[in-house]
1. For segment 58-75, which residues satisfy the criterion of being farther than 12 Å from residue 11 by Cα and in contact with a helix residue (DSSP H, G or I) (Cβ under 9 Å, 6 or more places away or on another chain)?
2. Using the structure shown, decide if residue 109 is assigned to a loop (DSSP other than H, G, I, E, B) and either modelled with pLDDT of 95 or more or under 13 Å from the mean Cα position of the chain (by Cα) (or both).
3. Output the number of the condition that residue 20 fails; it satisfies all remaining conditions of (1) under 15 Å from residue 87 (Cα atoms); (2) in contact with a helix residue (DSSP H, G or I) (Cβ under 9 Å, 6 or more places away or on another chain); (3) free of Cβ contacts under 8 Å to residues at least 12 places away in the same chain.
4. Quick one: count up the residues across segment 76-95 that are in contact with a helix residue (DSSP H, G or I) (Cβ under 6 Å, 6 or more places away or on another chain) and not in a loop (DSSP other than H, G, I, E, B).
5. How many residues, within segment 112-144, are in contact with a helix residue (DSSP H, G or I) (Cβ under 8 Å, 6 or more places away or on another chain) and surrounded by 13 or more Cβ atoms within 10 Å (Cβ to Cβ)?
6. Tell me, which residue of segment 22-66 that is under 17 Å from residue 106 (Cβ atoms) and in a loop (DSSP other than H, G, I, E, B) is nearest to the chain's Cα centre (by Cα)?
7. Being exposed (fewer than 13 other Cβ atoms within 10 Å of the Cβ) and in contact with a strand residue (DSSP E or B) (Cβ under 8 Å, 6 or more places away or on another chain) narrows it down to one residue among 67, 33; which is it?
8. Consider only pairs whose beta carbons are under 7 Å apart and that are at least six residues apart or on different chains; among these, list those whose first residue lies in segment 81-106 and is closer than 9 Å to residue 125 by Cα and whose second residue is part of a helix (DSSP H, G or I).
């Protein structure tokens, strides 16, 4: 299991502010892929990512049907922090948070701009247990 280090955490948690929101790739139960920009992707802990799902559209349906996801991050301006031009893919299993306390804890970490876009706080938290982090060549990164 890879460990998300402090440099990666800084990059991911500032992706929206940097103008480079992460892309979340999901797959429907029928096998149709979808990519969705998610400005709320954040490092939840050393082995998991999370995001605030406020649209309640395709990505959420897909995660409910098929937990396999990929999150893509790229920001060449952060190349001094990360290998391979600061482009990483995070592969893992997603789950929709149903526990109220866990949802609240994740919501507190979400960037304000994303929360402002969900004034009724009708969004849900999605947590991704990261199985693998790879650079653009597919080489594993940050393995324990």
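The values are calculated or read from the model by the stated rules, or taken from the named source; none is laboratory data. Just so it is clear, the structure is predicted and the values come from calculations on it, not from any experiment. Cβ: placed from backbone, ideal geometry, glycine included. Neighbour counts: every protein chain shown.
1. Within segment 58-75, 69, 71 qualify.
2. Yes: the conditions hold for residue 109.
3. The failed condition is (3).
4. Summing the residues that are in contact with a helix residue (DSSP H, G or I) (Cβ under 6 Å, 6 or more places away or on another chain) and not in a loop (DSSP other than H, G, I, E, B) in segment 76-95 gives 2.
5. Qualifying residue count for the region: 8.
6. Filtering segment 22-66 for residues that are under 17 Å from residue 106 (Cβ atoms) and in a loop (DSSP other than H, G, I, E, B), the one nearest to the chain's Cα centre (by Cα) comes out as 41.
7. On inspection, the qualifying residue turns out to be 33.
8. Pairs found: 96/63; 96/64; 97/103; 97/106.
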